[in-house]
Amino acid sequence: IANIQSLAYAFEKGADIKMTDENNIVFIMENDCIEIEKREGWKMSIFALRPKCNGVSLYNVKYPLDNVILTDSFPLGISNEFKQGNAKVECTDGRLLIMITKGE
């Protein structure tokens, strides 16, 4: 949790920062639409870092979302799988933690 809080602190100060190791890539996005490169055998999870994140959509993944409200009290965005090609994550109002992890 301390690492995620440090990541959030750096993000709030304007740093474009990611935490990475051989099995994980973790970063924050806010009010944006991004593309995430597909990695064979990896999964993607998204978490709300605010009480509510509005307009959350996930495209080109096994469990897509279309303009939903993601909250910090229910893990709706965990353990998603990439389809063919890159995934797209959109959040129109809110801050998301994105975790790309090597699957089993």
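The values are calculated or read from the model by the stated rules, or taken from the named source; none is laboratory data. As the structure is a prediction and not an experimental result, all values here were calculated from the model. Neighbour counts run over all protein chains shown; Cβ positions are idealised from the backbone, glycine included. Surface areas here come from the heavy atoms of the whole protein model, side chains and all, with no ligands, DNA or RNA. Shrake-Rupley method; radii C 1.70, N 1.55, O 1.52, S 1.80 Å.
With θ set to phi - 60° and the Karplus curve 6.51 cos²θ - 1.76 cosθ + 1.60, what are the ³J(HN,Hα) couplings of the stretch 37-46 in order, to the nearest whole Hz, using x for Gly and Pro?
With coefficients 6.51, -1.76 and 1.60, one gets 5, 5, 10, 4, x, 9, 10, 10, 10, 10 Hz.
Looking at the stretch 6-53, which GluC sites (Glu not before Pro) are in a loop (DSSP not H, G, I, E or B) and have at most 13 other Cβ atoms within 10 Å?
Answer in residue order: E22, E37, E40.
What number comes out for accessible area per residue over the chain if the probe is 1.4 Å? Units Å², please.
Averaged over the residues of the chain, the accessible area is 61 Å².
If I take every Cα pair under 8 Å that is 6 or more residues apart in the chain, average their sequence separation and divide by the length, what percent do I get for the relative contact order?
37
Would you mind listing how long the stretch 25-80 runs along its three principal axes, going by Cα atoms, in whole Å with the largest first?
32, 20, 19
Give me the Debye-computed log₁₀ of I(q)/I(0) at q = 0.11, 0.15 Å⁻¹ for the chain, equal point scatterers on Cα only, no solvent, two decimals.
Here the Debye-derived log intensity ratios amount to -0.30, -0.57.
Could you tell me which residue out of P75, N54, N31 lies farthest along the dipole of the chain toward its positive end? Charges go on the beta carbon: Lys and Arg +1, Asp and Glu -1, centred on the Cα centre.
P75
Report in % the part of the accessible area of the chain that belongs to carbon and sulfur, leaving out ligands and nucleic acids; probe 1.4 Å.
47
Per residue of the chain, what 222 nm ellipticity follows from adding -39500 (n - 2.57) for every DSSP H run with n ≥ 4, rounded to the nearest 500?
-3000 deg cm²/dmol
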